[in-house]
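S.K.: Dropping a structure here in structure tokens format, bear with me for questions.
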Amino acid sequence: MTQTRMTRRPMSLQTRLMTAVIGFVSLILVIVAVITSATLGKTLEDQLSERIYGYADSVSRIIKQVSPDLVTAQNIIGRGGGEPGLLVAIQNPATGIDGVVVPSSTDDFEGGTDALTSAQLVQIADALNGQHVANVTIEGLGSYRVTASTAPSGVVVVTGLPREAIQNQLTALLTVIALATIGGLILLALTTAITIRVGLRPLRAVAATATRVANQPLDRGEVSITERIPASQADPRTEAGLVGASLNKLLDHVDTSLAARQKNEERMRRFVADASHELRTPLASIRGYSELSLRALGQAHGPEAIEGTTTSLERIQAQSLRMTRLVEDLLLLARLDEGRELVYGTVDLTQLALESLADARPTAVDHHWNIEVPDEPVVVVGDSGRMHQVVANLLANARTHTPAGTTITLSVAQEDDEAVLRVHDDGPGIDPVVRDELFARFARGDSSRARQTGGTGLGLAIAKAIVEGHGGFISVASEPGDTTFTVRLPRNPAVAAAEGETSEASEA
């Protein structure tokens with residue numbers, strides 16, 4: 001047996017808010033109407049009772065003035081005054097039980113009365129049933145409020161007045177309240193709907209913007225998210241506007257991230273192309289020289305063949321070493337990107353600078369080499385071998401891309417809580433076009449800094465990765481005759497990282 005499950009359509013926020021507001025207000029109005037009608041009804045009933053008590057006192061005075069055998073409802077009401085609807089019933093031991101009522105069309109007692117039937121008298125007696133005041137519905141007369149009293153002569157007197165006026169007033173009041181309530185609820189519904197619709201407009205703008213962004217292809221290619229919530233609907237001072245402002249901030253962040261992703265993809269494609277080009281050259285050389293060696297061994301014998309083969313093998317070895325250096329540099333960069341390859345210890349930058357300059361001086365005797373170090377050692381926590389590689393790469397870069405006679409100065413200093421290492425040269429400077437990409441992998445300078453030594457183009461990229469792995473920062477400032485590479489390292493990378501996290505948390 002297949003059961004069909006009925007799914008309820010969820011109500012919108014506007015519908016829920018309107019239902020809650022109108023329902024709550026309706027409940028309040030109903031409570032107010034009930035309390036008002038009850039209070040007014042009690043007041044009118046009290047006023048009616050006071051009038052009935054007045055007639056009862058008047059009847060008691062008349063009874064005192066009349067002979068007991070003449071005390072009947074007809075005689076009593078004929079001697080007094082009253083109003084239309086006045087009811088008088090007498091229970092006299094001498095004359096029995098009788099009752100009369102003044103017709104509603106009679107202005108006074110002189111116009112006559114209508115006698116009450118036995119059934120009507122029984123209804124009155126049942127309603128009182130030992131009570132002094134009661135409400136009773138009398139057949140043919142309607143609802144009455146009656147009161148019973150006993151005269152000194154033993155005569156029981158019942159007087160009453162119709163409650164029709166009270167019922168009419170309460171009916172009119174409830175009708176007015178009902179009409180006012182209905183009109184007020186209609187006006188409230190319209191006002192609430194307009195208010196909620198205007199208040200939720202920023203949320204609808206958020207939903208529309210999010211839908212348009214979701215329909216954009218963001219998984220490939222160059223993507224720019226231009227969709228934003230209008231400023232008029234993204235006011236952070238309101239709750240709904242705060243959602244729009246937050247979405248705009250999120251879209252800004254996503255747009256920036258997508259731009260960075262696209263830039264990284266382009267950089268990766270360029271990196272792969274450069275790496276392929278760098279590897280292709282030594283591989284082509286190895287292949288060519290190996291074929292040449294085989295051909296020489298097959299076609300010739302003797303010293304000439306041995307000499308040619310030896311030369312080819314030397315070239316093969318040189319290209320193999322070049323390719324090995326390239327692969328090792330790429331592997332080092334990959335491990336540095338993963339946060340590996342760094343073994344921390346105490347590093348004396350002063351001693352390291354002296355040793356690095358001593359190693360670099362013989363490689364370029366046509367350059368002038370200077371060093372500036374403080375009297376006290378500048379000590380940091382880091383990887384000694386990798387820091388030596390940073391200094392060696394910076395010195396090699398200055399030596400390679402400057403002409404003979406250039407002065408290269410290596411300096412070490414301590415500034416506040418940082419150790420600062422600078423490599424300065426007075427060469428031709430760096431082309432501003434390539435300055436921003438100088439630390440990119442396989443970066444190439446202009447003709448004034450063209451690669452002359454067959455390097456891989458990864459030296460500055462490796463130096464940047466090592467410095468950043470130590471929590472430091474490397475920068476370059478260059479103009480003709482004045483180029484300086486600056487490395488700033490925290491004295492303790494762990495402390496610097498903790499301070500950085502604390503600063504970010506306080507900003508958040």
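The values are calculated or read from the model by the stated rules, or taken from the named source; none is laboratory data. What you see is a predicted model, and the numbers here were worked out from it, not measured in a lab. Positions of Cβ are backbone-derived with ideal geometry, glycine not excepted, and every protein chain shown enters the neighbour counts. The protein model used for the area step is the full one, side chains on, heavy atoms only, and it has no ligands, DNA or RNA in it. Shrake-Rupley method; radii C 1.70, N 1.55, O 1.52, S 1.80 Å.
S.K.: For segment 387-407, check the following and say yes or no: at least one residue is assigned to a loop (DSSP other than H, G, I, E, B), touching a helix residue (DSSP H, G or I) at 6+ places or on another chain (Cβ under 8 Å), open to solvent by less than 40 Å² (accessible area, probe 1.4 Å) and within 25 Å of residue 490 (Cβ to Cβ).
M.R.: Within segment 387-407 (the criterion being assigned to a loop (DSSP other than H, G, I, E, B), touching a helix residue (DSSP H, G or I) at 6+ places or on another chain (Cβ under 8 Å), open to solvent by less than 40 Å² (accessible area, probe 1.4 Å) and within 25 Å of residue 490 (Cβ to Cβ)), the answer is no, since none of the residues qualifies.
S.K.: Could you tell me how many of the residues in segment 243-266 are surrounded by fewer than 16 Cβ atoms within 10 Å (Cβ to Cβ), closer than 13 Å to residue 213 by Cβ and under 11 Å from the mean Cα position of the chain (by Cα)?
M.R.: Qualifying residue count, segment 243-266: 1.
S.K.: Would you confirm, using the coordinates I've provided, whether residue 197 is open to solvent by 20 Å² or more (accessible area, probe 1.4 Å) and modelled with pLDDT under 85?
M.R.: Against the criterion (open to solvent by 20 Å² or more (accessible area, probe 1.4 Å) and modelled with pLDDT under 85), residue 197 qualifies.
S.K.: Moving on to the next point. List, please: which pairs have Cβ atoms under 6 Å, are six or more places apart or on different chains, and start with a residue in segment 62-74 that is under 15 Å from residue 154 (Cβ atoms) and end with one that is open to solvent by 20 Å² or more (accessible area, probe 1.4 Å) and in a helix (DSSP H, G or I)?
M.R.: none
S.K.: Name the one entry in 184, 130, 140 that is touching a residue at least 60 places away in the same chain (Cβ under 8 Å) and of a type in the set (Gly, Ala, Ser).
M.R.: From the options 184, 130, 140, the qualifying one is 184.
S.K.: Among the candidates 304, 265, single out the residue that is of a type in the set (Asp, Glu), modelled with pLDDT of 70 or more and farther than 30 Å from residue 12 by Cα.
M.R.: Step by step, each of 304, 265 is checked, and only 265 is of a type in the set (Asp, Glu), modelled with pLDDT of 70 or more and farther than 30 Å from residue 12 by Cα.
S.K.: Let me ask another. Give the residues of segment 40-57 that are open to solvent by 50 Å² or more (accessible area, probe 1.4 Å) and under 60 Å from the mean Cα position of the chain (by Cα), sorted by residue number.
M.R.: 40, 42, 43 - these are the residues of segment 40-57 that are open to solvent by 50 Å² or more (accessible area, probe 1.4 Å) and under 60 Å from the mean Cα position of the chain (by Cα).
S.K.: Please state which of the following conditions residue 280 fails to meet, knowing it meets all the rest: (1) farther than 30 Å from residue 469 by Cα; (2) in a helix (DSSP H, G or I); (3) at pLDDT below 70.
M.R.: The failed condition is (3).
S.K.: Just for segment 411-441: of the residues that are out of contact with any Asp or Glu (no Cβ under 9 Å at 6 or more places or on another chain) and among the acidic types (Asp, Glu), which one is surrounded by the most Cβ atoms within 10 Å (Cβ to Cβ)?
M.R.: Per the stated criteria, the residue is 418.
S.K.: Follow-up. Do we have residue 189 as without any contact (Cβ under 8 Å) to a residue 60 or more places away in the chain, aliphatic (A, V, I, L, M) and open to solvent by less than 40 Å² (accessible area, probe 1.4 Å) here?
M.R.: Taking the combined requirement at face value, the residue does not satisfy it.
S.K.: Could you pull out the residue among 175, 147 that is β-branched (Val, Ile, Thr) and touching a residue at least 60 places away in the same chain (Cβ under 8 Å)?
M.R.: One residue alone meets the criteria, 147.
S.K.: So, one more: Checking the condition among the acidic types (Asp, Glu), under 23 Å from residue 43 (Cβ atoms) and touching a helix residue (DSSP H, G or I) at 6+ places or on another chain (Cβ under 9 Å), which residue from 164, 139, 83 passes?
M.R.: Residue meeting the stated conditions: 83.
S.K.: Counting just the residues of segment 343-386 that are assigned to a helix (DSSP H, G or I) and among the charged types (D, E, K, R), which one comes out least open to solvent (accessible area, probe 1.4 Å)?
M.R.: Only one residue fits best here, namely 386.
S.K.: Out of the strands (runs of 3 or more DSSP E) lying entirely within segment 58-174, which hold 1 or more residues that are surrounded by fewer than 17 Cβ atoms within 10 Å (Cβ to Cβ) and either polar (S, T, N, Q) or out of contact with any Pro (no Cβ under 8 Å at 6 or more places or on another chain) (or both)?
M.R.: Counting at least 1 such residues, we get 96-101, 133-138, 142-150, 156-162.
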